[in-house]
Structure formats: structure tokens, C-alpha cells
Amino acid sequence: MDAPIPTSYLHDPKENPRIAAQILDKVSPEDSKKSDGAFLFDCERYSSHIVASQNGFIWAVADVFDRQSGLRIRVDNIWLAVLAQLKPHIYEVFPTRVLNELPCFLGHELIDSVSTVKCLSDMLRARFGDLVTNILLPRFSTTTRYDTGAAALILLGTNCQVQHYRRFGQPVAVTNHGPIRVIGSKEDWETLRRNFAELKDRSRDLEFAILRLSTMLDNLLRSGKQYNFPWPYVTADAANPLPWWKFWGNVLGTNLDGQIVPDWLDIFFDPRKLERVAFYLDMPSAVTTIPIRIDSGQGYIDCTLIGGLLAHSRDVSGHDPVTLRGCEQQPLSGWLFYRNKNLNGGNGRR
């Protein structure tokens, strides 16, 4: 599943459906079997290749364990991973309204990401209300509409089943990586802390999870240095880089049986399962599905919208294909559509 998917030709209307079908098969084989054709993969930025998964944040970070690639994550990626982790608890503590009507799109609206994000945001507000929605949707200096859409998808949709992703190799020395940068300003870190504070006292499970997340954030910021040019980010202090590399050297570890287990990365797993975390089975899915209808002008077509934090980008030019040295990986938000197979025959039109 770790094989990167070429995405250089996403803008080509003939190539995009083929790329969408490959991504669908990676993020949800079950949905791929239900598909009568995938189309319109859309994401926040384009790279030569992406690696599709059910949690682009966790897998981009996990690559630090045994690969020499660099890493760039944004504060929004962290927040989306938190939403995927805490989704069951969020539904336990906040009142919700049942949404009975399927979202319906006109054909031309599908190619407009602004319309897609507005529809998803409106659905989230209808379910949770304005006050809670304003807490849950990302609002950082780096937030894009794709982050907003991915957050709504993660919270509204049905989780895709997590798949066995890849085998880990031997750990790489902590100093033998490309640069690791966490994009965000001092104001963004305060916004993230306020988000944590809004959730912490809602339940004992949330309090426990948020305390661990807050500690991780403090350790991350303390181990590096905040820079503000050419954009705000945290990375290793040039005068004292060792604390930063020690922090990232503890992403994963091994248990007494020699199995790979999350180290500080388990902070992004369900806090109720921490005694025996099975990395592949217990990883929170940050990719979900929502049933939709498309008005074709000649009737309605039953389709599915699938997406969230569904990949990490991997530009393959100029780096070692085995060690990934020279490659900088980034979590990626996006979505695609597929037409539902009509199990009773016909073409799925209504």
C-alpha cells in the first residue's frame, strides 16, 4: 500500500478519474468494490506523487522512524488528526441533530471546491450548531478550504476501515533525516491550546486525551525553536538541535515482543485503548464517506463523497527511492467522488 501514486496530471480530465480510482482502492477497498466509477479527485496542493492512506498525518509522521525523508506538517494537520482521534468522544458530549436529507449537488458544483466545502460546513452546523462548529472547524493562519472540508468530512462521515499499510524497517538515526518543520505561528499554538481547553472539561476521557495532547504540544515547541521567516514555523534550534531530534526520535518504539508500537505518536490514538495499542487496528481513521446525490439535469445519480486527511505527498524527483533521503513529505487533505453501483441493475439514476 506504500507505493506512491503519480498525480502530476490531476488537471487532465482524462487522467483524473484514473488517479481517483487508484486512490479510492488504497483508502477504502470496500468502497472501491461499490464504485461504478471514481471521478474528481481534488486536494489542497499538487505534487508529483502521493501515498494514500486512512490517516495521512500518522503515516507521514511514522515515516520518520525508518526513513531519511524530511517532514513538513502544519498546525491544521495536527488538528485534523485530533478530530479523527476524538470523534467518538465529541459525539458523546455534544448534542447533535439528525440530518435526514442527502446533500445534493448540481454537476457544475462538483468541480468547485468552494461549493463542496460550503455544503459540508453547512451540514456540520446543522448537526452540531454554530457554537460547537466554531470550535471544531480549523481557524489557523495556515487553514485552507481543504482543511475546512476535511474537518467536516472527518466529523460527519462514516469511517473507512483502516488497512495494513506497510512493514517498518530498522530505525534511522535521529540526526540522519531531512529537515523537519512544523508550520504555525505563536498565535496558532495559542489557538490550538484554546481548542484543547474548550474540549478538556467535557468528559473524563476527553480530559485525559487533551492533557496528553497538550503535553505533546508543549514538548514539541520546547524542543525546537520558533522562526518567522519566510513563514512562521518550528524546527531544530541551529545552536542546539539535539532536543528536536530526540523528540522526533521517539515517534515509534518496539514492545517486548519486538513489535512496532507508537511512542509519543500514541497520543493520537483512542485513549481508551492505550494499554494494548495495535498500530494497524487501532489507528483512528481520518477518511470517511458521505452519501450524496448529483442532479444531472435528467435525474438524480446516487454517489459517494469520500475524503479527509487521506494521503501524504511525496515528490520523487531528486531523492533516493529506498531511503527517501532528499524527500520532504507532507500530510494531504482532499476528497473524491464515485458513482454507486446499482445492486438491482440499471445505471443508478433516479
Mind checking the full-extension length gain between residue 111 and residue 92? Use 0.36 nm per residue of separation minus the Cα-Cα distance, one decimal, nm. 3.4 nm
So what's the projected area for the chain, the Cα convex hull averaged over all directions, in nm²? 18.1 nm²
Taking Cα atoms only, helix 113-128 is inclined relative to the longest principal axis of the chain by an angle, in degrees rounded to 10, of 80 degrees
Please check: in the Gaussian network model of the chain (C-alpha springs, under 10 Å), which one of 340, 134, 195 has the largest mean-square fluctuation. 134
Taking the alpha-carbon centre of each part, the distance from the range 223-242 to the range 65-92 in Å is 21 Å
Sum up the charges of everything whose Cβ sits under 14 Å from the Cβ of residue 199, counting Lys and Arg as +1 and Asp and Glu as -1, but leave residue 199 out. +2
If r is the Cβ-Cβ distance from residue 11 to residue 207 and R0 is 56 Å, what FRET efficiency results, to the nearest 0.05? 0.75
Take the alpha carbon gyration tensor of the range 165-228, find the square roots of its eigenvalues, order them as a ≥ b ≥ c, and report rounded if a/c is under 1.5; if not, report prolate when a/b exceeds b/c, else oblate. oblate
Calculate the length of the line joining the C-alpha centroid of the range 21-47 to that of the range 129-182, in whole Å. 18 Å
Neighbour-count ranking for 231, 264 (other C-beta within 10 angstrom, fewest to most) reads 231, 264
Residues with amide H under 5 Å from that of residue 178, placed H, sequence gap 5 or more: 69, 70, 326
Over the range 1-53, what relative contact order in percent results from Cα pairs under 8 Å that are six or more residues apart? 53 percent
With the cut-off at 26 Å, tell me which of the pairs 33/118; 26/225; 26/341 have Cα atoms farther apart than that. 33/118; 26/225
Residue order, fewest to most surrounding Cβ atoms within 10 angstrom, among 96, 148: 96, 148
Only helices counted: for the chain, with every DSSP H run of 4 or more residues adding -39500 (n - 2.57) and the sum spread over all residues, [θ] at 222 nm is -11500 deg cm²/dmol
Put in order of increasing Cβ neighbours within 10 Å, starting from the fewest, 295, 270 give 295, 270
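Rule-based calculations on the coordinates, nothing more; no lab input. If you're wondering where the values come from, they're calculated on a predicted model, not measured in any experiment. For neighbour counting, all protein chains shown are included, and Cβ atoms are generated from backbone atoms with ideal geometry for every residue, glycine included.
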